[in-house]
């Protein structure tokens, strides 16, 4: 009978069993493909009814045997690049075969492990595939290596492993009559292999002598990670392993009872192996016992010390491994190996026998009723007093040990959080590592704080941990992974903790101010300007109204000024923004005068960059250029002192970018120099592309790469090199679209994406690819409208909106649809007039106004040939003339173009003829 027919019989049998007896005949008629199949199922149902055999179990067993027979692996069969020689053995989940390399590339003997075809269910496949995943992580001299893996045509997964020619650990030692020290030295190596797995967050869960082979060179090799557990995963099945897949004689109590699994689980199994290795006996007598009785002994009965001439220290080590409570064993295989090395050197070991007090406590917990009754009968006040004194001394000792351990864990967490984190914070590619480091420290500190919630210093450390988690998640001022929601949650928790702590030192004040600023940053990134301003102003009030002084307070003030400057800039308050940036610069100069340092120079460069931006907006291009050149100088000096710091490189990038903008704008007059501007663009590009390449997880660097390609596209526009401009803008679009799609909550990414589509559309109009141009610009306008609904006061966004309306009007005119182009231009003009009312000091407005008037005049002029009535022609010529004159009077470099005067003259001449 074929395997497929057995599967079908089994399926029909089990499904028919679920039906009432009177319905089975009709159901079988409908579902059995032939009479023979129906007869087999009917016969089995009859046997099941009569109780002659437990068919539910035997059918599964028979089907499994048939399937396995049908899929048997024969000698000579090809599996991947290997040819099977013979079966080496079978286990609960898999069969292992000896194989040799079959492609003549080189000679190699391997062990191939296949999931047995008869092993069914998702769980077995998951365990097998997890073994492949785990082995791929491990590369250690005492662990059998994974060489390859794959799946056969019938769906069987397989692993290709090192073939270990050797003997199981106990057999190897017994055959050679190895002395105790040799056995222990070999066992230490086994512990090193297990410890390596633990360091990779892997628990083996099936350690036994048969899974430890000693090769011909006398080196041990760990095998069979089939039911190993990854400590970092959340898979629910990880903690539950079918009983048939573990070896109860070496399993820990927690494995047998379903309690949580830790590295101490493997320590128990190692202890059971060590017990047998040094005494020749197992910790428990297991012959002839039922599984229930075996489990009871392992879980409930004490382990007797190993017999024979075994030194007491070694006995204590063995018994320490086999403690019923995981928390009282060695915490890992590494600790066990260290204690065995101490024993071999003759040093004092950490393992100690149980105290009388501990054993008494265990006895009382198991037999508390009897103990209470006995105490009531025979207890005396004197004995109670003596025991109370002993208990008090013991509790004091335990408290001291507990406090020492608490401080050690706390110190470790803080070393991770401050020393190690700060050492890698600005290194290329360090963003995921920073997140892991801070998350690990946070877990430790959270656990400690649960029992020490009144410790202000610990709560301060915990607040800082949450703050740093938030930084790595979404702080745009440092490399981050773009998780804004996660960053906001982390900062909120940090603020909750910080707000309940006393502010006693300048550093306390700085830390409180900083978390307000970072929480405000999250509001700002979501476009919630008023909430962001509230946090920033609260922070500035804290920093300015204090009587404290010192460097931390000065740093707090300058950061408040810089954040408020950013917000004022976005809110069309150029003069206020410039004031804050200059205040930030002055605070920074004071810090440098007191104590020059690399970070202060870098932050000064950022202040110069932002000052330059505001000076440009107010029309003082020479002063803006001066600020940017100073910023470049400070940032370059900081980068030279700390070349691995990505943030300092970004400040250098920003100042080069800002200076290139100054040198490109027509408002620079005689200072305008497109060639020098391109030099600074290229310097900026080289810097930021190196940062992005070094750390692909740094999303801010990816944004900056998109920005610089946008600038390069604009430079090609100024040079009228339209195909190169289109190429640059497409490069920028690809980068920012990917970022916006991955991070839809980020206003920054969505804005950059829309800007790049708008610029691309405008360049396409010059090629000309007008339909594609109109599509790009209209898409950008849709994004701007959505963003404006979230924050109507964002000045930069409103400028982008009016530019999109202006560009749509111009493209429609170029497409021969000038009448449709009139309204978009009028919308752009009205939006610009509203901006001028909101921010009358901004000297950039004429640069926008004159070109729109010119385009509107052209729309009216181009519409006239399409109009037949003289009256309508006159109206459009008058409107064209009006807009040409407005373009001439609006100021800015664009107002002086010869084209304007020609337009005025043409309109006046046409109107003269129509009179």
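The values are calculated or read from the model by the stated rules, or taken from the named source; none is laboratory data. Source: prediction; values computed, not measured. Ideal geometry is used to build each Cβ from the backbone, glycine not excepted, and the neighbour counts take in all protein chains shown.
Scanning the range 795-809 turns up one or more residues that are over 28 Å from residue 569 (Cα atoms), more than 38 Å from the chain's Cα centre (by Cα) and surrounded by 18 or more Cβ atoms within 10 Å (Cβ to Cβ). Which ones in the range 766-780 are touching a helix residue (DSSP H, G or I) at 6+ places or on another chain (Cβ under 8 Å) and surrounded by fewer than 22 Cβ atoms within 10 Å (Cβ to Cβ)? The answer is 766, 767, 768, 770, 772, 774, 775, 778, 779. Among the residues of the range 166-207, those identified as out of contact with any strand residue (DSSP E or B) (no Cβ under 6 Å at 6 or more places or on another chain), in a loop (DSSP other than H, G, I, E, B) and in contact (Cβ under 8 Å) with a residue 40 or more places away in the chain are 200, 204, 206, 207. The set of residues from the range 123-157 being part of a strand (DSSP E or B) and modelled with pLDDT under 85 comprises 146, 147, 148, 149, 150, 151, 157.
Scanning the range 873-915 for residues that are assigned to a loop (DSSP other than H, G, I, E, B) and either in contact with a helix residue (DSSP H, G or I) (Cβ under 8 Å, 6 or more places away or on another chain) or surrounded by 13 or more Cβ atoms within 10 Å (Cβ to Cβ) (or both) gives 890, 891, 892, 897.
Would it be correct to say that residue 391 is more than 23 Å from residue 207 (Cα to Cα), out of contact with any strand residue (DSSP E or B) (no Cβ under 9 Å at 6 or more places or on another chain) and either modelled with pLDDT under 85 or not in a loop (DSSP other than H, G, I, E, B) (or both)? In short, yes. Candidates are the residues of the range 745-765 that are under 16 Å from residue 706 (Cβ atoms) and at pLDDT below 90; the one that is surrounded by the most Cβ atoms within 10 Å (Cβ to Cβ) is 749.
State yes or no: is residue 797 in contact with a helix residue (DSSP H, G or I) (Cβ under 7 Å, 6 or more places away or on another chain) and either over 26 Å from residue 720 (Cα atoms) or touching a residue at least 12 places away in the same chain (Cβ under 8 Å) (or both)?
For residue 797, the condition - in contact with a helix residue (DSSP H, G or I) (Cβ under 7 Å, 6 or more places away or on another chain) and either over 26 Å from residue 720 (Cα atoms) or touching a residue at least 12 places away in the same chain (Cβ under 8 Å) (or both) - is met.
Taking the range 847-872 as the range and being assigned to a helix (DSSP H, G or I) and surrounded by fewer than 20 Cβ atoms within 10 Å (Cβ to Cβ) as the test, the residues that pass are 847, 862, 864, 865, 866, 870, 871, 872. Any residue at all in the range 331-341 that is closer than 18 Å to residue 317 by Cα, modelled with pLDDT under 85 and in the same structural domain as residue 186 (by TED's automatic domain parsing)? Checked the range 331-341: no residue is closer than 18 Å to residue 317 by Cα, modelled with pLDDT under 85 and in the same structural domain as residue 186 (by TED's automatic domain parsing).
Here the range 317-345 is the region considered, the condition is being surrounded by fewer than 19 Cβ atoms within 10 Å (Cβ to Cβ) and not in a helix (DSSP H, G or I), and the residue that is nearest to the chain's Cα centre (by Cα) is 331.
Taken over the range 694-734, residues that are within 19 Å of residue 482 (Cβ to Cβ) and without any contact (Cβ under 8 Å) to a residue 24 or more places away in the chain amount to 1. When 274, 314, 294 are checked against the criterion of being at pLDDT below 85 and assigned to a helix (DSSP H, G or I), a single residue qualifies: 294.
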